[in-house]
1. Considering only residues that are closer than 24 Å to Phe20 by Cα and surrounded by 15 or more Cβ atoms within 10 Å (Cβ to Cβ), which ones fall in the range 103-120?
2. Taking only the range 78-98 into account, find how many residues are modelled with pLDDT under 90 and either outside any loop (DSSP other than H, G, I, E, B) or crowded, with 19+ Cβ neighbours inside 10 Å (or both).
3. With the requirement that a residue be of a type in the set (S, T, N, Q) and closer than 14 Å to Arg141 by Cα, what does the range 61-120 give you?
4. Could you list, in sequence order, all residues of the range 36-56 that are among the hydrophobic types (A, V, I, L, M, F, W, C) and either surrounded by fewer than 16 Cβ atoms within 10 Å (Cβ to Cβ) or closer than 16 Å to Asn79 by Cβ (or both)?
Amino acid sequence: MVLKHLNILLADDDTDDCIFFKAVLDELALSTHLITVHDGEQLMHLLVNETIEFPHVLFLDLNMPRKNGFECLSEIKLNNRLKKLPVIIFSTSFEQEVVNQLYKNGAQYFIRKPSEFSQFKRIIQQTLTLITQENSPQPDREGFVLTVQNSLPLEHL
């Protein structure tokens with residue numbers, strides 16, 4: 001799927017992270033439309049009940065109020081209409097057991113949120129490039145965790 005425009009859904013309760021994410025998208029050469037929700041119940045309501053243009057990708061924080069990212073991922077993957085939606089887990093935590101469970105539950109990629117804007121930009125651009133170019137629903141286990149260290153330089157994306 002090579003897309004010229006991406007509809008992106010971000011589920012994150014941290015307002016600063018949402019602003020940071022939007023600033024990164026504004027700097028990319030890719031046309032995007034971002035919708036942001038701030039808790040898991042709001043996310044699931046939007047995906048199940050609303051008539052929004054269906055997102056091409058969901059960036060999902062794990063630690064959200066009312067319904068966490070684990071619960072949302074499970075609901076998404078059990079829903080026939082939603083299960084093919086690429087879900088990128090986007091979190092500050094990085095516990096191997098959690099990462100393994102997310103992989104088993106069908107998340108497309110796992111990203112640990114970087115603190116520097118340039119790293120943040122690089123990893124988001126890499127992820128969006130992968131999402132728009134891949135045909136497989138999930139990479140092998142070794143390619144599941146995306147990091148700034150294993151990303152390509154921005155000029156190659």
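1. Ala107, Gln108, Tyr109, Phe110, Ile111, Arg112, Lys113, Pro114, Gln119, Phe120
2. 5
3. Gln96, Asn100, Gln101, Asn105, Gln108
4. Scanning the range 36-56 gives Leu43, Met44, Leu46, Leu47, Val48, Ile52, Phe54.
The values are calculated or read from the model by the stated rules, or taken from the named source; none is laboratory data. Here the structure is a predicted model, which is why all the values come from computation and not from measurement. Neighbour counts are summed over all protein chains in view; Cβ atoms, including those assigned to glycine, are modelled from backbone coordinates with ideal geometry.
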